[in-house]
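Trainee: Have a look at the structure that comes next, please.
The values are calculated or read from the model by the stated rules, or taken from the named source; none is laboratory data. Note that the coordinates shown come from a computational prediction; the quantities given were computed from them, not determined experimentally. FYI the Cβ positions are ideal-geometry reconstructions off the backbone, even for glycines, and counts take in every protein chain you see. The protein model used for the area step is the full one, side chains on, heavy atoms only, and it has no ligands, DNA or RNA in it. Shrake-Rupley method; radii C 1.70, N 1.55, O 1.52, S 1.80 Å.
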Amino acid sequence: MAKVLTCRKEDYAQWYNDLVIKADMAENSVVRGCMIIKPYGYAIWEKIQSELDKMFKATGHSNAYFPLFIPKSFFSKEANHVEGFAKECAVVTHYRLKNDPEGKGVIVDPEAKLEEELIIRPTSETIIWNTYKNWIQSYRDLPILINQWANVVRWEMRPRLFLRTTEFLWQEGHTAHATREEAVDETLKMVDLYARFAEEFMAMPVIKGTKTEFERFAGAIDTYAIEALMQDGKALQSGTSHFLGQNFARAFDVKFLDKTGKLDLVWATSWGVSTRLMGALIMAHSDDNGLILPPRLAPIQVVIVPIYKGSGQLKDIGNTARKIRKDLEYRNISVKYDDRDIYKPGWKFAEYELKGVPVRIAIGPRDIENLTVEVARRDTLEKVTIPQDKITDHIQNLLTEIQENIYNRALNFREKNTHYINDYEEFKDLMEKNGGFVLAHWDGTSETELKIKDETKATIRCIPLDSPEEEGKCIYSGKPSKKRVLFAKAY
RNA sequence: CGGGGUGUAGCGCAGUCCGGUAGCGCGCGUCGUUCGGGACGACGAGGUCGUGGGUUCAAAUCCCGCCACCCCGACCA
């Protein structure tokens with residue numbers, strides 16, 4: 001088969017780039033760092049959105065929409081928050097263009113300067129808390145459980161398709177609560193929800209944990225995250241949920257009267273996942289032939305390819321194909337029958353493998369004669385011949401099996417690449433060679449964390465929630481430690 | 001911002017050293033033969049050579065300036 005992708009072994013980053021483009025998911029735009037999400041890529045994002053949205057609603061959240069522009073002054077209200085985002089904000093200073101008097105196209109009209117600059121949201125805490133101030137007076141107004149689907153802009157130094165783009169799509173939940181406990185519960189509930197989504201829909205095992213002070217969200221008391229291991233041994237932070245304490249309520253003066261008539265600041269959380277999940281999905285499962293999509297997120301779950309000579313054969317095959325499609329669609333399986341005459345079967349096989357379609361059915365004259373079809377699965381590339389009257393059940397079971405198989409494969413990979421390390425030399429050696437997850441003891445100081453980062457490029461991805469209490473010594477400083485933390489090189 | 005590289009047809013590139021008709025592969029269009037793992041033939045369309053200046057009879061090619069993009073680092077969902 002003709003190679004369209006760079007091999008993973010040869011150059012993992014190049015393989016990723018090739019795949020995103022060749023599978024027709026996205027391309028770079030004329031604006032540096034901003035991508036064009038193409039229909040096939042967007043269809044996957046829509047599946048992600050749709051499933052998450054159902055989960056948010058099932059946990060009591062509603063969608064709303066807040067503005068793209070945020071007054072500059074809002075960013076000075078929460079000190080840590082501005083420090084975290086100031087370096088990467090796009091700023092709107094003018095609101096009008098005019099023809100260049102010297103005839104060189106258009107220029108920014110200097111007379112149309114804004115009194116106060118507007119910041120294109122890098123995240124919406126500030127404008128949302130400024131709004132919540134007007135919505136909240138009493139404990140009866142709480143909780144507020146809102147999510148928004150939006151685009152945000154962060155002026156990153158080095159963009160990569162899906163993984164780190166200047167503009168990206170995401171959802172951001174922003175909730176307001178009467179008590180600390182309730183807000184903490186919400187934070188945990190949402191990180192659990194993300195983990196469940198990653199594992200059940202993306203077939204991607206994740207580790208839940210809290211971030212260290214150094215890695216924490218700007219303005220948060222606690223940041224919880226899900227971390228996944230990619231095939232090149234690097235970690236990808238795939239979702240975060242922040243307990244914001246009363247920081248934003250304090251910054252925007254959002255108070256409420258409790259049942260006893262006492263005035264108190266409101267407790268906050270925020271949580272989000274972004275189009276970065278697309279990158280995670282690609283890197284968690286795919287191979288040198290292309291994308292491998294989990295059936296639960298694949299826009300096309302089954303493709304039917306006819307193999308024929310002449311229009312007579314195509315007609316018989318078409319009738320069989322359409323009947324199979326109808327039976328599968330009846331069970332809510334999405335099916336594409338590709339009878340385009342401009343491409344040969346071999347071309348189509350390669351194309352749908354590149355695009356990660358979980359199951360392919362091929363029907364040729366041989367099958368018409370024998371009342372069979374050929375079924376190929378994308379995850380293992382295995383092909384079997386199945387009687388036509390068994391096909392619907394077979395496909396339905398196969399989709400479930402593929403979903404489980406790619407999850408287990410990713411889980412096995414992670415287990416093989418998760419190491420318990422007690423020796424710093426061993427740690428350095430591992431980070432240099434294979435990467436992967438390392439569980440090691442840490443003395444809890446940012447100083448040690450930073451030194452390890454400088455020396456090995458590995459960072460503390462999280463302090464895993466399920467990490468057991470255990471007496472140990474910090475891998476770097478030798479000071480006592482009670483818990484292992486998760487180290488990895490990260491995206 | 002530091003280091004490296006690249007701008008030539010939709011895409012990938014050669015041509016630049018040594019100035020002289022702008023080329024190759026893929027893709028695209030028409031027609032025909034094909035079709036169980038990326039088919040083949042014939043004909044055809046398509047380029048301000050990133051940009052501004054300079055040298056020259058003549059510039060993709062030499063000289064000077066500018067711009068853009070990519071890769072490696074610091075930043076990051």
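Trainee: Treating only the Cβ atoms of Lys and Arg (+1) and Asp and Glu (-1) as charged, compute the dipole magnitude of chain A about its Cα centre; round to the nearest 20 debye.
Mentor: It comes to approximately 840 debye.
Trainee: Karplus couplings for segment A:140-156 from phi (6.51 cos²θ - 1.76 cosθ + 1.60, θ = phi - 60°), rounded to Hz, Gly and Pro as x?
Mentor: 5, 7, 10, x, 9, 10, 10, 10, 10, 8, 7, 10, 9, 10, 10, 7, 7
Trainee: Express the carbon and sulfur contribution to the solvent-accessible surface of chain A as a percent, rounded to the nearest whole number, probe 1.4 angstrom.
Mentor: Numbers: 11520 of 23150 Å².
The value for chain A is 50 percent carbon and sulfur by accessible area.
Trainee: Can you check what the Kirkwood hydrodynamic radius comes to for chain A, Cα pairs only, in Å to one decimal? Each step should come with its number before you reach the end.
Mentor: Numbers: mean 1/r = 0.0397 Å⁻¹.
It is 25.2 Å.
Trainee: Another question, if that's okay. Ranked from highest to lowest mean number of other Cβ atoms within 10 Å per residue, what is the order of the peptides A:451-459, A:57-65, A:299-307?
Mentor: Ranking the peptides A:451-459, A:57-65, A:299-307 by packing returns A:299-307, A:451-459, A:57-65.
Trainee: Something else: Using the structure shown, list the pairs from A:355/A:489; A:189/A:483; A:9/A:234; A:57/A:355; A:57/A:77; A:326/A:355 with a Cα-Cα distance above 25 Å, or answer none.
Mentor: Numbers: A:355/A:489 28 Å; A:189/A:483 23 Å; A:9/A:234 14 Å; A:57/A:355 31 Å; A:57/A:77 31 Å; A:326/A:355 23 Å.
Table pairs above 25 Å Cα-Cα are A:355/A:489; A:57/A:355; A:57/A:77.
Trainee: Hey, got the dipole for segment A:307-443? About the Cα centre, +1 on K and R Cβ, -1 on D and E Cβ, debye to the nearest 20?
Mentor: 920
Trainee: How long is the gain from residue A:330 to residue A:63 if the chain were fully straight, where each residue apart is worth 0.36 nm and the alpha carbon distance is subtracted?
Mentor: The residue A:330-residue A:63 span can extend by a further 93.0 nm.
Trainee: Also: So what are the radius of gyration and Dmax for the Cα set of segment A:418-488, in Å?
Mentor: Over segment A:418-488's Cα set, Rg and Dmax evaluate to 10.8, 29 Å.
Trainee: Enumerate the calculated ³J(HN,Hα) couplings along segment A:182-195 in order (Karplus 6.51 cos²θ - 1.76 cosθ + 1.60, θ = phi - 60°), each rounded to whole Hz, writing x wherever the residue is Gly or Pro.
Mentor: Listing the rounded values in order: 5, 5, 4, 4, 4, 4, 5, 4, 6, 5, 5, 4, 4, 5 Hz.
Trainee: Could you please state, rounded to a whole Å, how far the C-alpha centre of segment A:1-77 is from the C-alpha centre of segment A:377-433?
Mentor: Answer, in whole Å: 23.
Trainee: Over segment A:302-398, one equal point on each Cα, no solvent: what is log10 I(q)/I(0) by the Debye formula at q = 0.11, 0.16, 0.25 Å⁻¹?
Mentor: Values, matching the q order: -0.27, -0.60, -1.54.
Trainee: Additional query: Note down the Stokes-Einstein diffusion coefficient of segment A:12-285 in µm²/s, whole number, using a Kirkwood radius over alpha carbon pairs, 4 °C, and 1.567 mPa s.
Mentor: Using the Kirkwood radius from Cα pairs, D works out to 65 µm²/s.
Trainee: Sticking with this structure for a sec: Can you compute 3J(HN,Hα) from phi for each residue in segment A:9-21, using the Karplus curve 6.51 cos²θ - 1.76 cosθ + 1.60 with θ = phi - 60°, rounded to whole Hz and x for Gly and Pro?
Mentor: Coupling constants for segment A:9-21: 4, 5, 7, 4, 5, 5, 4, 4, 4, 4, 5, 4, 7 Hz.
Trainee: Heavy-atom accessible area of residue A:187 with all protein chains present, probe 1.4 Å, nearest 10 Å²?
Mentor: 0
Trainee: Let me ask something else. Can you check how the C-alpha radius of gyration of segment A:57-187 compares to 2.2 N^0.38 Å, as a plain ratio?
Mentor: Normalised by 2.2 N^0.38 Å, the Cα Rg of segment A:57-187 equals 1.32.
Trainee: Ordering A:204, A:157 from largest to smallest accessible area (1.4 angstrom probe), what's the sequence?
Mentor: A:157, A:204
Trainee: Using a basic spin-label model with each label point 7 Å from the Cα along Cα→Cβ, how many nm lie between residue A:404 and residue A:196?
Mentor: Spacing of the two 7 Å Cα→Cβ label points: 2.1 nm.
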